[in-house]
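> Structure below; questions to follow.
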Amino acid sequence: MMLLIQEQSKPGRRAVAQAPLRKADTSDIPEQFRRRRPAALPEVSELQVVRHYTRLSQRNFSIDTEFYPLGSCTMKYNPRGANEHAMLPGFLARHPEAPESHSQGFMACLFDLQEMLKELTGMQAVSLSPAAGAQGEFAGVAMIRAYHDERGDTGRTEILVPDAAHGTNPASAVMCGYKTREIPTGSNGDVDVEALKTVVGPHTAGIMLTNPSTLGVFDRGILEIAGLVHEAGGLLYYDGANLNAILGKARPGDMGFDVIHMNLHKTFSTPHGGGGPGSGPVGVSERLIPYLPVPMVTRDGDDYSWLTETECPRSIGRLSAFAGNAGVILRAYSYARMLGREGMSRVAEYSTLNANYMLKMLQEAGFEAAYPQRRATHEFIITLRTQARERGVNTMDFAKRLLDYGFHAPTTYFPLLVPECLLIEPTETEDKGTLDAFIQAMRTVQGEVAEDPELVKGAPHTLPVKRLDDVRAARELDLAWNALAED
Amino acid sequence: MLEAIGVDGIEDLFEEIPDDLRCGDLESIPPAMSELEVSQLMGERARQDGQPACFIGAGAYDHHIPAAVWQIATRGEFYSAYTPYQAEASQGTLQLLYEYQSMMTALTGMEVSNASMYDGASALAEAILMAVRANRKSKSRRILIPRALHPSYRRVAGNIVKNQDIELVELPFDPEGGHTDISALEPYNGEDIAALVIPQPNFFGVLEDVDALTGWGHRNKVLTIAVVNPLAMSVLSPPGEWGGEGVDICCGEGQPLGAPLSSGGPYFGFLCCRQAIVRQMPGRIIGRTLDQDGNRGFALTLQAREQHIRRSKATSNICTNQGLMVTTATIHLALLGAEGLERTAAACHANTKSLVEQLSIIPGVSPRFNRPVFHERLISLPMEAEAALRALAAHNILGGLDISRDYPELGSAILTCATEKRTPGEIGDFVDKLSRVISLQGGTPCQLQPKES
């Protein structure tokens, strides 16, 4: 067990050099406004802090240390150069309200990236401002709503969402005041078009789709779906979570989508940082351009300027105080420039190659593919329902045992419609040696399930903690350290 | 690998994409560059923007960040880690987040904190949605928001909640003091209101009578939402103590705690509340628990609130926290402690005070409001603010923020702030250059006359 930083605190100890050496006078702030007791923050030395957080970092899996075959999360290598470029002193020191005269270099990067994303996705305009994928989804659905509202088309109260969709899709639709209606998936993994026909109509504001879907297959009926929804007066939303699979090969704009979001922390290799920050730019077709969230950058000759609420009065507005996660956008820009035109389609090619290789090898090892008749995209699903039924070892147990072999678990129990599933996405940045080692670990655990199921059910065995009690965490809420409660 | 798969070439793997959907060569995407070439390109652009002396605050402040903060945060084990859903493989991130939650509750005096939101403005929007869900005594969806709250926060909150039939009602500020006087609430006595937003300090840097405002909320069964600068909390009374019982929800912008200005992001929003309403809180929350052997460990908890479980019935669509920025904030707070934070806050406050005193010697320049402030102040100018700022920028000085677009009733004025990083030399230079800009202007009265109040 590692002590909390709070538990290492000693009264009066400080990292002296980290703050001004003298305490300036604040006596002009009247007593009534002042804090009476100092906050109970840790009192520790600089070395204690450095050692503590370095050691904590060693209790993490990360891309830099382990393979993460996490479906729909695109955990590929985050280039170190991109971090260095985004942290150049001129970029770090730029205040978000700095005038355009002192922002041309920064704005040039944003403009370039807007243009590259337009071309890559086949959309007509791009705004980089949403702070993450879910905020991009919110922006997208808010634009769909603004479009219908402005036309006085207020009877459209529903957003259609396939049952395989990410949870953010229905949650984003609800935040924009819509009801959601679920569309089933056909047995071949494509959206059930016949079912869609029965629900699409005058109440349909739009449909939210991921293509390739979270089932790891490209929906071949996309043009028919687009036709049906458009004919009914609805718009099409593209969830860009799986854009990696088709980068440089096919474009959402050509499939008929009206609005898309991209996850720069997936497709453009910006770091996940233990849960964020992300960045979720949105792209739109011609008819949604007026509603794009601000700010955006425009260019006139060699001069860049901001597009704000003033220039875009019909915009859905801004969704964060400034310009979104600018530092993440710069990392994505650096990545995109290093990748270049040729590199973009290589992303789709190698991620698809890696996924199909793994699927084939796992099938040969006896694992059951959820959609064996389909070509895998950059990810695929296997189901462990047989093991679960026959040996009482469920997918979570299997996933935890993989941790013992030094592999982060694939995405588990998602999508919801495949029982006991693992969603596996190797990404293009892993080599064959790593894929083979993972396949071997899968075989080994499979053997353990047959021979010693209790070993697997008790996993993990080699990590800093054993299986954690989630029920206790939720029932006996302990969400903050409290010195008094410890005694 | 192709042979193992049983295909002839890589293109065969894309056979299920209809031919008419295949795209061409993407000619407008530039060809690949080496890391060195991108360094040169972006280095040139970063240098192009210069490093002016920055006296702009307005929600983002230029503070010193100890070297250890980013050196540790960019260790691959933090930088390239995934969301800690696999708790046993993520104890580093999870324990750090628990420590962060503990630091934020200590700083704000609140009972619980989540693991962060996108930024301060979007955290306020989520706080409003949360208050509407949590205030079971109120049937109304009306929220009182001071005009003295950051204009971008008001806009963002409006943009995010507008499709949920929530009405944001503006409270005026006192024209002399710049604060939200308790009298502004009188029209709402006994009215059905879901929540009242209370900034501290407000956008103008002015200190609000937080105890009186919070007390009004309690008496009228209106939930109170504090929006605070976390650095200020080392000097100012914490929201958990306002009005005796404290506020119900507290949020704000975490940037002053270890995030560089970086053009506005990534920053992080913090969100704290009373434990009684924690099930209405959006975002990730980390709890302490035990493992199978009875050893302490940390895990995501109350996940039944979140979109990946509840889908359309979730408290929010949010799916990330600003993990890396919270990592930096936690290390930053550990290094500074309460004493270091207070020294930094005091240094900023004293620097701004010194700046304002020196600026006020210039004829026609004066502080706009007469109430106490924290580390930022609105300054009236005898010329058009935009022209003055443009002239200063030509000398590589960013003198502050022109507020005329958002507050035309305040005439020509700039919001200015000198953090602990501004040296006496830079402050002197700012005063000197502004003095010259104004005298060159020939003392011409400003174009924008304040309205009669």
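The values are calculated or read from the model by the stated rules, or taken from the named source; none is laboratory data. Since this is a predicted model, take the numbers as computed values, not measurements. Note that we place each Cβ from the backbone using ideal geometry, even for glycine, and neighbour counts take in every protein chain shown.
> Can you tell me which residue is farthest from the other protein chains (Cβ to nearest Cβ) among those in the range A:373-389 that are under 20 Å from residue A:435 (Cα atoms) and assigned to a loop (DSSP other than H, G, I, E, B)?
Among them, the one singled out is A:384.
> Moving on to the next point. Does the range B:246-295 hold any residues that are in contact with a helix residue (DSSP H, G or I) (Cβ under 6 Å, 6 or more places away or on another chain) and of a type in the set (Asp, Glu), and which are they?
B:253
> Name every residue in the range A:41-94 that is in contact with a strand residue (DSSP E or B) (Cβ under 9 Å, 6 or more places away or on another chain) and not in a loop (DSSP other than H, G, I, E, B), in order of residue number.
Passing the criteria: A:60, A:67, A:70.
> Evaluate the range B:432-441: report whether one residue or more is surrounded by fewer than 19 Cβ atoms within 10 Å (Cβ to Cβ), at pLDDT below 95, part of a helix (DSSP H, G or I) and not small (Gly, Ala, Ser).
yes
Residues checked against (1) part of a loop (DSSP other than H, G, I, E, B); (2) of a type outside the set (Lys, Arg); (3) in contact with a strand residue (DSSP E or B) (Cβ under 8 Å, 6 or more places away or on another chain):
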| site | (1), (2), (3) |
| --- | --- |
| B:224 | no, yes, yes |
| B:258 | yes, yes, no |
| B:267 | yes, yes, yes |
| B:271 | no, yes, yes |
| B:276 | no, yes, no |
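> Here's a follow-up. Check B:183, B:234 and return the single one that is free of Cβ contacts under 8 Å to residues at least 24 places away in the same chain and either buried (at least 24 other Cβ atoms within 10 Å of the Cβ) or over 23 Å from residue B:278 (Cα atoms) (or both).
The unique qualifying residue is B:183.
> Filtering the range A:460-475 down to residues that are within 9 Å of chain B (Cβ to nearest Cβ) and in contact (Cβ under 8 Å) with a residue 24 or more places away in the chain, which residue is nearest to residue A:445 (Cα to Cα)?
Here the residue is A:460.
So that you can scan it fast, the table gives a plain yes or no per residue for (1) modelled with pLDDT of 95 or more; (2) in the same structural domain as residue A:305 (by TED's automatic domain parsing); (3) among the small types (Gly, Ala, Ser); (4) within 19 Å of the chain's Cα centre (by Cα):
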position: A:45; (1), (2), (3), (4): yes, no, yes, no
position: A:51; (1), (2), (3), (4): yes, no, no, no
position: A:68; (1), (2), (3), (4): yes, no, no, yes
position: A:109; (1), (2), (3), (4): yes, yes, no, no
position: A:116; (1), (2), (3), (4): yes, yes, no, no
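> As an exercise: evaluate residue B:315 against (1) out of contact with any Lys or Arg (no Cβ under 7 Å at 6 or more places or on another chain); (2) surrounded by fewer than 24 Cβ atoms within 10 Å (Cβ to Cβ) and give the number of the one condition it does not meet.
Unmet condition: (1).
> Restricting attention to the range A:136-172, which residues are at the interface with chain B (Cβ under 7 Å from one of its Cβ atoms) and under 10 Å from residue B:317 (Cβ atoms)?
Hits for the range A:136-172 are A:137, A:138, A:167, A:168, A:170, A:171, A:172.
> Next question. So which residues in the range B:258-278 are farther than 30 Å from residue B:67 by Cα and more than 8 Å from chain A (Cβ to nearest Cβ), if there are any at all?
B:273, B:274, B:276, B:277
> Can I ask one more? Does residue A:392 meet the test of being more than 22 Å from the chain's Cα centre (by Cα) and at positive phi?
Answer is yes for this residue.
> Please verify whether residue A:385 is buried (at least 21 other Cβ atoms within 10 Å of the Cβ), modelled with pLDDT of 95 or more and not aliphatic (A, V, I, L, M), treating the condition exactly as stated.
no
> Still on this structure: Cβ-Cβ below 9 Å, separation at least six or inter-chain, first residue in the range A:26-51 and more than 7 Å from chain B (Cβ to nearest Cβ), second among the aliphatic types (A, V, I, L, M) and surrounded by fewer than 17 Cβ atoms within 10 Å (Cβ to Cβ): which pairs?
Partner pairs satisfying both residue conditions: A:45/A:16.
> Within the range A:189-196, is there a residue that is over 21 Å from residue A:246 (Cα atoms) and assigned to a loop (DSSP other than H, G, I, E, B)?
Yes, the range A:189-196 contains a residue that is over 21 Å from residue A:246 (Cα atoms) and assigned to a loop (DSSP other than H, G, I, E, B).
> While we're on this one: Take the range B:107-153 and flag every residue that is in a strand (DSSP E or B) and under 26 Å from residue A:310 (Cβ atoms).
Result: B:143, B:145, B:146.
> Output the number of the condition that residue A:417 fails; it satisfies all remaining conditions of (1) within 25 Å of residue B:291 (Cα to Cα); (2) more than 12 Å from chain B (Cβ to nearest Cβ); (3) in a loop (DSSP other than H, G, I, E, B); (4) in contact with an Asp or Glu (Cβ under 6 Å, 6 or more places away or on another chain).
(1)
Each row is one residue, and each column tells you yes or no for (1) touching a strand residue (DSSP E or B) at 6+ places or on another chain (Cβ under 7 Å); (2) more than 9 Å from chain A (Cβ to nearest Cβ); (3) buried (at least 24 other Cβ atoms within 10 Å of the Cβ); (4) not in a loop (DSSP other than H, G, I, E, B).
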{"site": "B:245", "(1), (2), (3), (4)": "no, yes, no, no"}
{"site": "B:250", "(1), (2), (3), (4)": "yes, yes, yes, yes"}
{"site": "B:298", "(1), (2), (3), (4)": "yes, no, yes, yes"}
{"site": "B:308", "(1), (2), (3), (4)": "no, no, no, yes"}
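> From the list A:73, A:109, pick out the single residue that is closer than 30 Å to residue A:158 by Cα, surrounded by 20 or more Cβ atoms within 10 Å (Cβ to Cβ) and within 7 Å of chain B (Cβ to nearest Cβ).
One residue alone meets the criteria, A:73.
> If you don't mind, there's one more thing I want to ask. Mind listing whichever residues of the range B:131-154 are of a type in the set (D, E, K, R) and in contact (Cβ under 8 Å) with a residue 12 or more places away in the chain?
Passing the criteria: B:133, B:137, B:139, B:141, B:142, B:147, B:154.
> Let me ask you something else. Among (1) at the interface with chain B (Cβ under 10 Å from one of its Cβ atoms); (2) in a loop (DSSP other than H, G, I, E, B); (3) farther than 21 Å from residue A:111 by Cβ; (4) among the charged types (D, E, K, R), which single condition is residue A:346 missing?
(2)
> Continuing with this model, one more query. Would you pick out the residues in the range B:154-177 that are under 20 Å from residue B:368 (Cβ atoms) and not in a loop (DSSP other than H, G, I, E, B)?
B:154, B:170, B:171, listed by residue number.
> Counting only residues that are within 12 Å of chain A (Cβ to nearest Cβ), in contact with a helix residue (DSSP H, G or I) (Cβ under 6 Å, 6 or more places away or on another chain) and assigned to a loop (DSSP other than H, G, I, E, B), which one in the range B:383-425 is nearest to residue B:436 (Cα to Cα)?
Filtering the range B:383-425 for residues that are within 12 Å of chain A (Cβ to nearest Cβ), in contact with a helix residue (DSSP H, G or I) (Cβ under 6 Å, 6 or more places away or on another chain) and assigned to a loop (DSSP other than H, G, I, E, B), the one nearest to residue B:436 (Cα to Cα) comes out as B:395.
> How many of the residues making up the range A:390-411 are assigned to a strand (DSSP E or B) and in contact with a Gly (Cβ under 9 Å, 6 or more places away or on another chain)?
Number satisfying all stated conditions: 1.
> Determine which member of the set A:14, A:80 is within 7 Å of chain B (Cβ to nearest Cβ) and surrounded by fewer than 21 Cβ atoms within 10 Å (Cβ to Cβ).
A:14
> Please work out which residue is surrounded by the most Cβ atoms within 10 Å (Cβ to Cβ), limiting yourself to the range B:26-41 and to residues that are within 7 Å of another protein chain (Cβ to nearest Cβ) and part of a loop (DSSP other than H, G, I, E, B).
B:29
> Tally the residues that are more than 11 Å from chain B (Cβ to nearest Cβ), farther than 22 Å from residue B:267 by Cβ and among the small types (Gly, Ala, Ser), restricting the search to the range A:122-135.
1
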